[in-house]
1. Please give me the summed charge of the neighbours of His44: other residues whose Cβ is under 14 Å from its Cβ, Lys and Arg +1, Asp and Glu -1.
2. Just to confirm my numbers, what's the Cα centroid distance between the range 1-62 and the range 142-166 in Å?
3. With θ set to phi - 60° and the Karplus curve 6.51 cos²θ - 1.76 cosθ + 1.60, what are the ³J(HN,Hα) couplings of the range 22-32 in order, to the nearest whole Hz, using x for Gly and Pro?
4. Summing -39500 (n - 2.57) over the DSSP H runs of n ≥ 4 in the chain and dividing by its residue number, what mean residue ellipticity at 222 nm do you reach, to the nearest 500 deg cm²/dmol?
5. What does the charge add up to near Leu13, with Lys and Arg as +1, Asp and Glu as -1, over the other residues with Cβ less than 14 Å from its Cβ?
6. Looking only at trypsin sites (Lys or Arg not before Pro) in DSSP loops with at most 14 other Cβ atoms within 10 Å, what is the longest site-free stretch of the chain?
7. Nearest 5 percent is fine: what portion of the DSSP beta bridges confined to the chain is antiparallel?
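Please treat every number below as a calculation from the coordinates, not as lab data. Note that the structure is predicted; figures quoted are calculated from it, not measured. Counting neighbours? That spans all protein chains shown, and the Cβs are built from the backbone with ideal geometry, glycine included.
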Amino acid sequence: MYDGAVQTLIDELGRLPGIGPKSAQRIAFHILEASEEDMIALAHAITEVKSKIRLCEICFNVSEHEICSICRDEHRDTGLLCVVEESQDVIAIERTRTYNGRYHVLGGAINPIGGIGPEQLRVRELLTRLQDDTVTEVIIATNPNLEGEATATYLTRMLSPVGITLSRLASGLPVGGDLEYADEVTLGRAFEGRRKL
């Protein structure tokens, strides 16, 4: 335990995701040792992001504007809609430079243990977006874990009656991986998603 402000800083840093007690302590002492100018810039960046960043009114991605740059881009394919869990997923997909459609950010995944059901996600807003007949295909790009699979299954059941083409991102073996280290589910998915050469 440290005195006052130092312990408060460690406690607050420890509340961040992925930061345990030891990491929080290391970061706190880094802040103490860093120049005041650098730490004021960091504090300013945090304050600015909290005051300027909002969610896009259309896709719910993070943005400094009411409508994000992706939704404003007229060159994107309005017939494709990729449904993701979080804004970080949009960035990951954009880095591939292979997708040119629009997005819908759910704001999480179904997790009954964590108290997150479909009503806590932006599923209703997704259904509203699909009513104007612009979208011809919905790509479900939730994470390949238990929560992501539950979310994908729920979305498939909800969207099937709408009559839009539904697809799910393929999953399987990573490049550079060894078959002997792949789990059964991953290896099974790799077989299901195989392509003809």
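1. -2
2. 35 Å
3. Each residue's phi maps through the Karplus curve to give 5, 5, 4, 5, 4, 5, 4, 6, 5, 4, 5 Hz.
4. Here the helix-only value at 222 nm equals -13000 deg cm²/dmol.
5. +1
6. After excluding every exposed loop site, the longest remaining stretch is 98-193.
7. Of all bridge pairs located within the chain, approximately 20 percent are antiparallel.
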